[in-house]
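Asks: Right, I'll just put the structure down here and ask away after.
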Amino acid sequence: MSEPLGAGLAAWLDEHAAALDEAADGGPELLQLLAAHGLFGAGVPEDRCGRGGTTSSVASIVAALAEHSLCAAFVYWAQRAVIECLLLSPNRGLADELLPRLLDGSLAAAPGLSNAMRTLSGFDRLHVQHVAAPGGGSLRGEVAWATNLAPRGIVVAVAARAEGPPALYAVPGDEAGVELALTTGLMGLRASRTGSVRLDRVRRSDHWRLHADARAFLPTLRPAFLAFQCGWGIGLARASLRAARRAGEAAPSILTPEIEQLEHTLDAYWRDLSEGADGGRLQREPASLFGLRLRMVELATAAVQLELQALGGRAYLPQQGAAFARRWREAAFLPIVTPSAVQLKTELARASEG
């Protein structure tokens, strides 16, 4: 997998990785910086203001960012997930209106779709309701978790239940009745600006509807949504394995064969993911998609464990172990982000029974 980041951006991320993880205001310029390097245009057709490419093009950028900072990769994923919603939406007018600002970073994007994805799999019910009215209607409810909640200039993707099929809407953060609330006290990824979105009689016309049937649309979005996420674990695993190798450079290490084996496994995983995502197999075979997404968590966890073994007691020293401690915390996040490891295991069990 080639390195899609420039040296300058990589250096900036290394310098600011701790601040992005630990401080809520650690990276106010992060979104604009990613946009300035043209990263959001990956996988976007050239005739829609992008630079072309495939699903794996985007996943490779997520992985490259995660090698330096999972927080940066998380912010990039959130923005790019909403861009994907717009690319797939039949509402071309709204997409053409919003895409340029999403691509240049002047508009932040929050995919408030965790609840919707869980509902699609039968793990939850939609917490937002659309109340119909002439010319559109209004939204009421709460999105408990959303990322990229910029203080100004933001659009949130929300699924809402209704009398008919649940629909998917875009909601600007400055609309009357929208309240953004950052979650305080997060243990990491704090500069991702993660929190909740409360909606109180937020008026929505059909102009802001991304799709009339979320149950039909979300399975179409899901392969890219999850394939992009897989980049998190790939990048994190690569960083940990590189650190484990460095820790053993002073003397021959008994861990070297394990490190090499996991590196080979990671390379094979990337080939399987990219071929499946770009060739359409993950769209046709949801069980394969769920398996790859779950495998990502396992690979990242195994790599961080190897880094810990290679560092030994140095992992607990404030200076030498700081980057490891951050990666350890990042790896602990992967099993709980939607779709969680429990949800994926349940989906795979259902598939095997069927």
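Asks: Here are A19, A95, A35: which of them is surrounded by fewer than 23 Cβ atoms within 10 Å (Cβ to Cβ) and at pLDDT below 95?
Replies: From the options A19, A95, A35, the qualifying one is A19.
Asks: Right, next: Being in contact with a strand residue (DSSP E or B) (Cβ under 7 Å, 6 or more places away or on another chain), outside any strand (DSSP E or B) and open to solvent by 20 Å² or more (accessible area, probe 1.4 Å): is that true of E163 here?
Replies: Against the criterion (in contact with a strand residue (DSSP E or B) (Cβ under 7 Å, 6 or more places away or on another chain), outside any strand (DSSP E or B) and open to solvent by 20 Å² or more (accessible area, probe 1.4 Å)), E163 qualifies.
Asks: Can you name every residue in segment 79-118 that is part of a helix (DSSP H, G or I) and acidic (D, E)?
Replies: Of everything in segment 79-118, those that are part of a helix (DSSP H, G or I) and acidic (D, E) turn out to be E84, D96, E97.
Asks: I've got another one for you. So which residues in segment 22-58 are touching a residue at least 60 places away in the same chain (Cβ under 8 Å) and either of a type in the set (S, T, Y) or in contact with a Cys (Cβ under 6 Å, 6 or more places away or on another chain) (or both), if there are any at all?
Replies: Within segment 22-58, T54, T55, S56 meet the criteria.
Asks: Okay, next question. I'd like the full set of residues that are in a helix (DSSP H, G or I) and either small (G, A, S) or surrounded by fewer than 18 Cβ atoms within 10 Å (Cβ to Cβ) (or both), limited to segment 38-60. Let's see the steps before the verdict.
Replies: Going through segment 38-60, the residues in a helix (DSSP H, G or I) turn out to be 39-41, 46-48, 55-60.
Passing the criteria: G41, E46, D47, R48, S56, S57, A59, S60.
Asks: Take the conditions among the β-branched types (V, I, T) and either touching a residue at least 40 places away in the same chain (Cβ under 8 Å) or out of contact with any helix residue (DSSP H, G or I) (no Cβ under 9 Å at 6 or more places or on another chain) (or both) and apply them to T346. Does it pass?
Replies: yes
Asks: Then there is this: Could you give me the residue pairs with C-beta distances under 8 Å whose first residue belongs to segment 212-225 and is within 19 Å of G43 (Cα to Cα), whose second residue is open to solvent by 20 Å² or more (accessible area, probe 1.4 Å) and of a type in the set (D, E) wherever it lies, and which are 6+ apart or on separate chains?
Replies: L221/E84; A224/E84; F225/E84
Asks: Of all residues in segment 282-312 being farther than 17 Å from L236 by Cα and open to solvent by less than 60 Å² (accessible area, probe 1.4 Å), which is farthest from the chain's Cα centre (by Cα)?
Replies: G312
Asks: Same structure again: Hey, can you tell me all the residues within segment 184-206 that are touching a strand residue (DSSP E or B) at 6+ places or on another chain (Cβ under 8 Å) and surrounded by fewer than 23 Cβ atoms within 10 Å (Cβ to Cβ)? Working first, answer last.
Replies: Initial filter on segment 184-206 (touching a strand residue (DSSP E or B) at 6+ places or on another chain (Cβ under 8 Å)): 193-206.
If the condition is that a residue be touching a strand residue (DSSP E or B) at 6+ places or on another chain (Cβ under 8 Å) and surrounded by fewer than 23 Cβ atoms within 10 Å (Cβ to Cβ), then T194, G195, S196, R198, D200, R201, R203, S205, D206 are the ones that fit.
Asks: If you don't mind, another one. Is there a residue being surrounded by fewer than 21 Cβ atoms within 10 Å (Cβ to Cβ), farther than 20 Å from V178 by Cβ and in contact with a Lys or Arg (Cβ under 9 Å, 6 or more places away or on another chain) anywhere in segment 126-142?
Replies: Checked segment 126-142: no residue is surrounded by fewer than 21 Cβ atoms within 10 Å (Cβ to Cβ), farther than 20 Å from V178 by Cβ and in contact with a Lys or Arg (Cβ under 9 Å, 6 or more places away or on another chain).
Asks: Can I ask one more? I'd like the full set of residues that are open to solvent by 40 Å² or more (accessible area, probe 1.4 Å), among the small types (G, A, S) and within 21 Å of I234 (Cβ to Cβ), limited to segment 326-352.
Replies: A332
Asks: Any residue that is part of a loop (DSSP other than H, G, I, E, B) and modelled with pLDDT of 95 or more - is there at least one of those in segment 66-78?
Replies: Yes: one or more hits.
The values are calculated or read from the model by the stated rules, or taken from the named source; none is laboratory data. Since we're looking at a predicted model, the values are computed, not measured. Because the Cβ atoms are built from the backbone with ideal geometry, glycine has one as well, and the counts that use them run over all protein chains shown. For the accessible areas, the whole protein counts, side chains as well, though only heavy atoms, and no ligand, DNA or RNA atoms are used. Shrake-Rupley method; radii C 1.70, N 1.55, O 1.52, S 1.80 Å.
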